[in-house]
Amino acid sequence: MQKATFAGGCFWCMVTPFEEQPGIEGIVSGYTGGHVENPTYEEVKTGTTGHYEVVEITFDPQLFPYERLLELYWQQIDPTDDGGQFHDRGSQYRTAIFYHDEAQEKLALEAKEKVAASGKFQKPIVTEILPAQTFYPAEEYHQGYHKKNKDDYKADRAKSGRDEFIGQHWKGE
C-alpha cells in the first residue's frame, strides 16, 4: 500500500471521486502543511495555521496506479486559482499535491506540465507540488461527511460551482 495526499479545496468534495475506485483502501480527511501541531478544524478554517485541507488516500498501486490518481485529482480542481477553490476561499483551500517519494514527485510534476500544455486553461497552473508533511486527521464528524450528512453535503456542493467547472473543463475525459 502507498499514500497519496491531495489538497483540492473542501476535503468533503475530494473524497467522493476516489472512494469507489478499485484499489483504494481508505481516504482520511485532514490537514497538512501548516505550523501548528494537532490543529483543529476551527483553527484551520481561520486560514492562520498554514494548513491545507487535504485527503490522504491509501491505495494499492497495482490496482490503481498513482498516475491514475493524479489524472482523477486534476479533474476535481481549478488549478489556476491560488485563492481557494470555488466558493471556499482562503489559503486553507488552496490546491497542492503532497508527494511521498521521488517517484511521486516526478509523476506529479509531469502531470502538472501535461495539464498546463493541454490548452484547457487560459491562466497559469498554480497548483503546488510539495513534499508530504505531517498529516493530522480531521475530527471524526468530517470523515465520510457526505454519507453522514447527505443533504447538507449535496447542497454545499451544488452551490460551490465545482460540478459546473468540472463539466466545462473535463467533459468526455
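Among the residues making up segment 117-153, a single one is within 18 Å of the chain's Cα centre (by Cα), farther than 14 Å from residue 29 by Cα and in a helix (DSSP H, G or I): 153. Out of 97, 77, one residue alone is assigned to a strand (DSSP E or B) and not aromatic (Phe, Trp, Tyr). It is 97. Among the candidates 48, 40, 32, the residue that is polar (S, T, N, Q) and closer than 18 Å to residue 130 by Cβ is uniquely 32. Looking across segment 1-26, the residues that are free of Cβ contacts under 8 Å to residues at least 40 places away in the same chain and open to solvent by 40 Å² or more (accessible area, probe 1.4 Å) come down to 19, 20, 25. Within segment 79-94, residues that are charged (D, E, K, R) reach partners that are part of a helix (DSSP H, G or I) and modelled with pLDDT under 95 with beta carbons closer than 8 Å, at six or more positions or on different chains, in the pairs 88/160. Scoring residue 159 on the criteria (1) outside any loop (DSSP other than H, G, I, E, B); (2) under 18 Å from residue 18 (Cα atoms) leaves a single failure, condition (2).
Screening the candidates 36, 44 for the property of being without any contact (Cβ under 8 Å) to a residue 60 or more places away in the chain, surrounded by fewer than 16 Cβ atoms within 10 Å (Cβ to Cβ), touching a helix residue (DSSP H, G or I) at 6+ places or on another chain (Cβ under 7 Å) and farther than 26 Å from residue 170 by Cβ yields one hit, 36.
The values are calculated or read from the model by the stated rules, or taken from the named source; none is laboratory data. This structure is a prediction, so every number in the text was calculated from the model and none was measured. Cβ coordinates were reconstructed from backbone atoms using ideal geometry, including for glycine residues, and neighbour counts include every protein chain displayed. Note: accessible area is taken over every heavy atom of the protein model, side chains too, but ligands, DNA and RNA are not part of it. Shrake-Rupley method; radii C 1.70, N 1.55, O 1.52, S 1.80 Å.
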